[in-house]
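Data block below; observations after.
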Amino acid sequence: MTADSRHDIVDTLRGRVLRGVHSGTLQSGDRLPTSREVAAEFGTDYRVAIAAYKELQDEGLIELRPRGGVYVAKRRRGVAGMPPLPEPWIVDVFNAALNREIAGPELPDLLARCMETLRLRSVVITTTHDQVLGICRELRDDFGLESDGMVAADVRDATPTPQAIRRADLLVTTEAQADWVRALGETLHKTVIVVAVRAELQGGEWAMLLRRPVYVVVATAEFGGMLKRFYANVPGVENLNVIVFGQDDLATIPEGAPTYVTQQVRGHLGESRIPGRIIPAARTIASESAREIFAFVVRQNLEALAR
């Protein structure tokens, strides 16, 4: 087991806890899998799993009780509602900057300029409206990109190419549409990023959610079918109930049942009432894809600063 592999385990476990607390599937004091269960899942020695859990305990996310198990720690107040930031991580960031001759007080402004010097435009092209708007939300909220979205079938039939695409700095798509969007990007001299979906959506918070009935309100039956296929091998998939907005009766959702509402539906709810407990929108873009997007944003901004 390499150090990088151990860090991957820490990152995965951290994400599960943070997203579980955020979505309401985990509460302070909830018991987490044992170190031996984690070791079996990742195919590693249980001592590596213990070391990973100790890192999360140092960050204040979990509590290790001697001979008592692993539990979600009492949640501390974060900055502006965010989870508490681990002191060692912040120190490492500033120290790495200093090793590059960037003084601590200069770092925040430099980071801001690396993200905000340019107003970069992206266009999402993928299979369904639900996917399009969900990815657009992530590009705006997590990466600071102005983002429009189009369903692939509409773009294929459009003549001439829609203005939003011609003005875009970046085209974003998924694997299902990757080949022809790459070809389109090459024709228009646009950067194309094909985003992958976070594997943890199957093995993490949704695996916990599906221990009991969960409801997903979608805009189209097509996207509902995609979700069913995506979670087909997750234990408890029979608890996944798809509700098509405008077609199925929202009143069939039990009061308080965990309910995920897609971005497309959120924009059309109006006065419609959903009886269930709304689950916050989860990040779907995988870490390697996020890194690729950040690399594009930073590169564009640094080039602008160097002019």
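The values are calculated or read from the model by the stated rules, or taken from the named source; none is laboratory data. Worth saying up front: this structure is predicted, and the values here are computed from it rather than measured. A quick note on method: Cβ atoms are made from the backbone with ideal geometry, for glycine too, and the neighbour counts reach across all protein chains shown. The area values use the complete protein model at the heavy-atom level, side chains included, leaving out ligands, DNA and RNA. Shrake-Rupley method; radii C 1.70, N 1.55, O 1.52, S 1.80 Å.
General observations
- Cβ-placed point charges (K, R +1; D, E -1), dipole of region 170-273 about Cα centre in debye, nearest 20: 160 debye
- Dipole magnitude for the chain: computed about the Cα centre from +1 point charges on Lys and Arg Cβ and -1 point charges on Asp and Glu Cβ, it is near 540 debye.
- Counted over region 80-146 with a bin width of 10 Å, the fraction of Cα pairs per bin, in whole percents, is 17, 31, 31, 18, 4.
- Percent accessible area from carbon and sulfur atoms, the chain, protein chains only, probe 1.4 Å: 51 percent
- Trypsin sites (Lys or Arg not before Pro) restricted to region 164-266 and DSSP loop, no more than 12 other C-beta within 10 Å: Arg211
- Listed peptides 168-176, 247-255, 29-37 by packing density, highest first (mean Cβ within 10 Å): 168-176, 29-37, 247-255
- Normalised per residue, the accessible area of the chain is 56 Å², obtained with a 1.4 Å probe and no contribution from ligands, DNA or RNA.
- Coarse-grained scattering of region 110-176 at q = 0.11, 0.16, 0.17, 0.23 Å⁻¹, given as base-10 log I(q)/I(0) from a Debye sum over alpha-carbon atoms: -0.27, -0.54, -0.60, -0.96
- Cα-derived Rg to Rh of the chain, Kirkwood definition: 0.99
- Sparse packing (at most 16 other Cβ atoms within 10 Å of the Cβ) combined with a DSSP loop state is found for the following trypsin sites (Lys or Arg not before Pro) in region 110-149: Arg119.
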